[in-house]
Amino acid sequence: LMCRITLWRANCIVCDYCVESAPGQFQMSKKDGKAVLLHGKEKKGFYTLKSLDNSIIDRSIKAKDVCPVKIISVKTK
């Protein structure tokens, strides 16, 4: 199962909920305080991580669900 996590970083409001839900996928930047998708590749302001590691899916979905500005998407196929 392929998992694809996307973060629209520009709209991050620095709440830290994603890090609390999925510390293995997210951290807060020391530079600007916004969320960082660990190992994510940037393209046009969106950071995407593609992974075959199914253990990150549930935590990533929880991070998506708790994000108050809905800037995280998680897709599986």
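The values are calculated or read from the model by the stated rules, or taken from the named source; none is laboratory data. Remember, predicted model here, so these are calculated numbers, not experimental data. With ideal geometry, Cβ positions are generated from the backbone for all residues, glycine too; neighbour counts draw on all protein chains shown. For the accessible areas, the whole protein counts, side chains as well, though only heavy atoms, and no ligand, DNA or RNA atoms are used. Shrake-Rupley method; radii C 1.70, N 1.55, O 1.52, S 1.80 Å.
The set of residues from segment 24-43 being open to solvent by 30 Å² or more (accessible area, probe 1.4 Å) and modelled with pLDDT of 95 or more comprises GLN27, MET28, LYS30, LYS31, ASP32, LYS34, VAL36, LEU38, HIS39, LYS41, GLU42, LYS43.
Which one is surrounded by the fewest Cβ atoms within 10 Å (Cβ to Cβ) among residues in segment 44-77 that are over 16 Å from ARG9 (Cα atoms) and among the hydrophobic types (A, V, I, L, M, F, W, C)? Step by step, filter segment 44-77, then rank; the result is LEU52. Contact map, segment 23-50: residues that are in contact (Cβ under 8 Å) with a residue 40 or more places away in the chain paired with residues that are of a type in the set (Gly, Ala, Ser) and part of a loop (DSSP other than H, G, I, E, B), Cβ distance under 8 Å, separation 6+ or inter-chain. Pairs shown: TYR47/GLY40; THR48/GLY40; LEU49/GLY40. Within segment 5-22, the set of residues being under 10 Å from the mean Cα position of the chain (by Cα) and open to solvent by 50 Å² or more (accessible area, probe 1.4 Å) comprises TRP8 only.
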